[in-house]
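Comments concern the structure below.
Values quoted throughout were computed directly from the atomic coordinates according to the rules given, and no laboratory measurement underlies them. Because the structure is a prediction, the values reported are computed rather than measured. Cβ placement follows ideal geometry from the backbone for every residue including glycine, while neighbour counts extend to all protein chains displayed.
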Amino acid sequence: MPSACPSRCVLFHNRFAGFGFGWTVVPLDNLLEQLETNARSGPTRIPVVLAVALDQSYDYLVPDDLELEPGCFVMVPFGPQSRIGVVWDAPVGKPGKQIDPSKLKTVESRLDVPPLPLLSLRFVEWIARYTLSPLGMVVRMMMSARAAFEPSKPRYGVTLVEDVPEPPRMTPPRKRALEIAADCAIRVKSALAAEAECSTGVIDGLVETGNLVEVMIPEKKPPRPDPAHHTTEFTPDQARAVHTLVSAVDGANFSVALLDGVTGSGKTEVYFETVARTLERGRQALIMLPEIALTDQFMRRFEQRFGCAPVEWHSALSGPERGRVWRTAASGEARVVVGARSALFLPFKELGLIIVDEEHDPGFKQDDRVHYQARDMAVVRGNLGDFPVVLASATPSIESHVNARTGRYRHVVLPGRYSGAELPKVTAIDLRKNPPYKGNWLSPILVEAVAETLAAKQQSLLFLNRRGYAPLTLCRSCGHRVDCPQCTAWLVEHRFRGRLHCHHCGFSIPLPERCPKCSDAGSLIACGPGVERVAEEVTERFPEAKLALLSSDLIPGIIEMRQIIREIEAGEIDIIVGTQMVAKGHHFPNLATVGIVDGDLGLSQGADLRAGERTFQLLHQVTGRAGRALAEGRGFVQTHMPEHPVMEAIISGDREAFLEREITARRSGLLPPFGRLAALIVSARDKETAQLMARDIAHRAPPSERIDVLGPAEAPIAVIRGRNRWRLLVRAPREIDVQAYLRAWLDSLPPLKGDLRLTVDIDPYSFL
Ligand code: ADP
Ligand code: ZN
């Protein structure tokens, strides 16, 4: 008989209930439904989704002595190998061939990992359906911490045994070690040896004498953030925003709010309050940030507000650290996780809030394997989990703006900077009238502004969104342009490394001394600027200034980046030269002048429907770094087209006029969010094979009056890694189920032969 537990759950044995899942804890309200579902699935069969590129579950038999429940991880035989899979609560995906029940294979083992919550299973199904990715690939994203799936190796350390007489032979090293161990802490042997400046042999000796004892080191639990650690006094505008957002948390159901406020308006302070309330209500919170914005400045602010650091999730974590975060998210011990986009796929036990900060950031779109937009999937997750989602930005995406205007999202606005400082005054420098000195990239006006700033002992930032020294290397003798042998792209000179690099495939060669074509010596010239070249010009002009160069290829990782950011914050740097790494969320109190070296750069990407929006966001964010704490900051944008609407919007600060234009253009072009887009990319080593296949695919598009299929056209970057690429673009009105259309279409295609590959990108952000 099922027995009731105090928390309205029922613990019962499945065999009693007539199906083979072993002991399960089921909320009382779901019991009947569960019983019915499970009764249908027969006595000892369970569906398992394998973490491989397959789009269905497979049935397996459960051995008598194994207790399994939906969501738990198992090893199952698959072909000649064993694979990890997740037990599903019902068969899913495209049903393949029915397997003769007598040929069903048996689950090998259950992994010692907390099961995925049922909500995670629903989330996997949703993403797979939406992105047209195989279920198994989405399951894989939920297993991004391999270490969580390996048996955790207990770690041992030593600690002092009190009230034991001193060892008979008390050498100075022994004495030092015992003095250090006197605090009774547990230390790894090597750590104690290092601290006592002795060999581990000395420590072993003290274990033998009984003065130290080996004990298991307990796993470190993440500290619990305290929602009441600090109270913030809010301005009236901020208090209104806090009230709206905290009410959403109290409402305890799904809602989306767009927290829209200029840089420095206090968005972070405001959303911390929603995190606090979520903690008070006993739920976990997730704060998603672009990876580059995961600075220790942010962690410090979190600590000031909540009394301890949050749990971090990003690419710099070691394998075991990832495993620990995964497990503590599943156990509920991690109360607040701050992470990059993949944090969305942690197996949260009781998630009750997601914040997506810098929600406009293109880095939230993943463009390999499963193509997904993490901001949009965060909204889906909130909907499935029935909790609020907050999207924050100083320059929200057009999609979110439209959703706020139509009332689908709550629009929460913070109108001014907390410090009262004005937004920086932005001036256009018309390069046609004020060109840089010959062979240089900074116009005299900008040079003058930097000199003034330097004299006033304040910081300047020069921004150019281009890595390397020069984007193009040309032979003066024969006119040859040095390009990548595998891609339709020029090689980019990285002078600090003395190499030419392809930014699309990673190909690189040492900087040649002779032209690869005509072999003339010393004939190669660098054309155009990259950040390294701007840095070179700054060093020549301001040799006494301290310079920091921030470019992702020069900074190995998040740890090193944090160090440089710290130096900038502390005022140890006079001039910062950087790519978009500097645009994200940093708060540099002494930064007074910002110069955009090439304001037109992003606008030349003609095929990209978001080129204008992105340029506006980036330039606005970068210029917004100036004068955050000071009375006055100023921005300069070097441009050849000051009359371009994006430039006008940046200079006048008239965001609304810009939005109005963009939104109108999107609406009339039936572009997102008014229409739906999907890209199909066909590629093969052989150009003609790719082209013919792309044509054939286009040919087979199911006829529809309301859906346009554009192309195939050769991709703007026609070849990447030696693969020729052709693109098709599908455009449909919003209300059409474009996935259903695509599925019918893809199902009608013959299997791809040879090295042909077809990629589906729903809501594409890249059109290259
Ligand atoms: P945003 O996220 O909108 O860029 P922040 O939350 O980072 O803005 O706030 C900008 C600066 O102003 C930060 O240094 C923050 O600590 C400070 N600040 C904002 N609001 C308050 C407040 N109510 N009380 C104290 N400091 C605040
Ligand atoms: Zn290449």
To the nearest 20 debye, the chain has a Cα-centred charge dipole, built from +1 on Lys and Arg Cβ and -1 on Asp and Glu Cβ, of 1480
Residue separation times 0.36 nm, minus the C-alpha to C-alpha distance between residue 519 and residue 146: what's the value?
-> 129.3 nm
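Can you compute the FRET efficiency between residue 427 and residue 230 using 1/(1 + (r/R0)^6), with r the Cβ-Cβ distance and R0 = 45 Å? Round to the nearest 0.05.
0.70
How many percent of DSSP beta bridges within the chain run antiparallel, rounded to 5? All intermediate terms of the calculation are to be shown ahead of the outcome.
On the way: 70 of 121 bridges.
Around 60 percent of the beta bridges assigned by DSSP in the chain are antiparallel ones.
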Shape of the stretch 468-528, Cα gyration tensor, a/c cut at 1.5 = prolate
Using only Cα atoms, figure out Rg for the chain and give it as a multiple of 2.2 N^0.38 Å.
-> 1.08
Separation of the residue 704 and residue 663 label points, Cα + 7 Å toward Cβ, nm | 2.7
Does the stretch 197-291 classify as rounded, prolate or oblate by the C-alpha gyration tensor (a ≥ b ≥ c root eigenvalues; a/c under 1.5 gives rounded; else a/b over b/c gives prolate, otherwise oblate)?
-> prolate
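Hey, with R₀ at 41 Å, roughly what FRET efficiency would residue 369 and residue 437 work out to, going by the Cβ-Cβ distance, to 0.05? Mind showing how you got there, number by number?
Values: r = 47 Å, r/R0 = 1.15.
FRET efficiency, residue 369 to residue 437: 0.30.
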Grab the Cα-Cα distance for residue 221 and residue 632, subtract it from 0.36 nm times how many residues apart they are, and report the gain in nm with one decimal.
-> 143.5 nm
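I'd like the trypsin sites (Lys or Arg not before Pro) in the stretch 545-575 restricted to DSSP loop residues with at most 15 other Cβ atoms within 10 Å, sorted by number. Kindly include the intermediate steps, with their values, before the conclusion.
Values: sites: 546, 562, 566; in loops: 546.
Here the sparse-neighbourhood loop sites are 546.
From Cα pairs below 8 angstrom and at least 6 apart in sequence, can you work out the relative contact order of the stretch 346-466, rounded to a whole percent? Walk me through the numbers before you get to the answer.
Numbers: 84 pairs, mean separation 21.1, N = 121.
Averaging sequence separation for qualifying contacts and normalising by length gives 17 percent for the stretch 346-466.
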Fewest-first sequence of 641, 170, 377 by Cβ atoms within 10 Å of each Cβ | 170, 641, 377
With just the Cα atoms of the stretch 155-217, tell me how far they stretch along each of the three principal axes, in Å, largest first.
-> 29, 24, 19
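Excluding residue 269 itself, what net charge comes from residues whose Cβ is under 11 Å from its Cβ, given Lys and Arg +1 and Asp and Glu -1? Provide the component values of the computation, followed by the final result.
Working: positive: 267, 301, 305; negative: 233, 273.
Once positives and negatives cancel, what remains is +1.
Please get the size of the charge dipole for the stretch 155-217, origin at its Cα centre, with Cβ charges of +1 on Lys and Arg and -1 on Asp and Glu, quoted in debye to the nearest 20. Spell out each step's value before the answer.
Working: 7 positive and 10 negative charges, 39 e Å.
For this selection, approximately 180 debye.
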Can you list the residues of the stretch 710-725 with backbone N under 20 Å from a point 7 Å past the Cα of residue 695, pointing along Cα to Cβ?
-> 710-716, 718-719, 724-725
Efficiency by 1/(1 + (r/R0)^6): what FRET value for residue 457 and residue 419, r their Cβ-Cβ distance, R0 = 22 Å, to the nearest 0.05?
-> 0.65
CD proxy at 222 nm, helix term only [per DSSP H run n ≥ 4: -39500 (n - 2.57); per residue of the chain; nearest 500] = -9000 deg cm²/dmol
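In terms of the Cα gyration tensor, with a ≥ b ≥ c the square roots of its eigenvalues, is the stretch 518-658 rounded because a/c is under 1.5, prolate because a/b exceeds b/c, or oblate?
Working: a/c = 1.71, a/b = 1.06, b/c = 1.61.
Oblate.
At 0.36 nm per residue, and after removing the present C-alpha to C-alpha distance, how many nm does the segment from residue 643 to residue 721 gain when stretched out fully? Intermediate results must be reported in sequence, preceding the final value.
Details: separation 78, 0.36 × 78 = 28.08 nm, distance 3.87 nm.
Value of the extension gain: 24.2 nm.
With a cap of 14 neighbouring Cβ atoms within 10 Å, and only residues DSSP puts in a loop, list the trypsin sites (Lys or Arg not before Pro) found in the stretch 154-201. Intermediate results must be reported in sequence, preceding the final value.
Values: sites: 155, 169, 174, 175, 176, 187, 189; in loops: 169.
Taking the stretch 154-201 and a limit of 14 other Cβ atoms within 10 Å, the loop trypsin sites (Lys or Arg not before Pro) found are 169.
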Within a Cβ distance under 15 Å of residue 647, other residues only, what is the Lys/Arg minus Asp/Glu net charge?
-> -2
For the charge dipole of the chain, defined by +1 on Lys and Arg C-beta atoms and -1 on Asp and Glu C-beta atoms about the Cα centroid, which residue among 412, 699, 402 has the Cα displaced farthest towards the positive pole?
-> 699
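Kirkwood-based Rg over Rh for the stretch 321-365 (C-alpha set), two decimals? Present the calculation step by step, with values, prior to reporting the outcome.
Details: Rg = 11.2 Å, Rh = 11.3 Å.
Dividing the radius of gyration by the Kirkwood radius yields 0.99.
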Which distance in nm do the two modelled labels at residue 100 and residue 688 give, with both placed 7 Å along the Cα-to-Cβ direction?
-> 4.6
What is the distance, in nm, between label points placed 7 Å from the Cα along the Cα-to-Cβ direction at residue 350 and at residue 183?
-> 3.4
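Sort 462, 742 by Cβ crowding within 10 Å, fewest neighbours at the top. Write down the numbers at each step before the final one.
Values: 462 28, 742 20.
Least crowded to most crowded, the residues run 742, 462.
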For each of 484, 184, 515, count neighbouring Cβ atoms within 10 Å of the residue's Cβ, then give the residues from fewest to most.
-> 184, 515, 484
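Taking the stretch 413-484, which chymotrypsin sites (Phe, Trp or Tyr not before Pro) meet the DSSP loop condition and have no more than 14 other C-beta atoms within 10 Å? List each step's numbers first, then the result.
Details: sites: 418, 437, 441, 463, 469; in loops: 418, 437, 441, 469.
Taking the stretch 413-484 and a limit of 14 other Cβ atoms within 10 Å, the loop chymotrypsin sites (Phe, Trp or Tyr not before Pro) found are 437.
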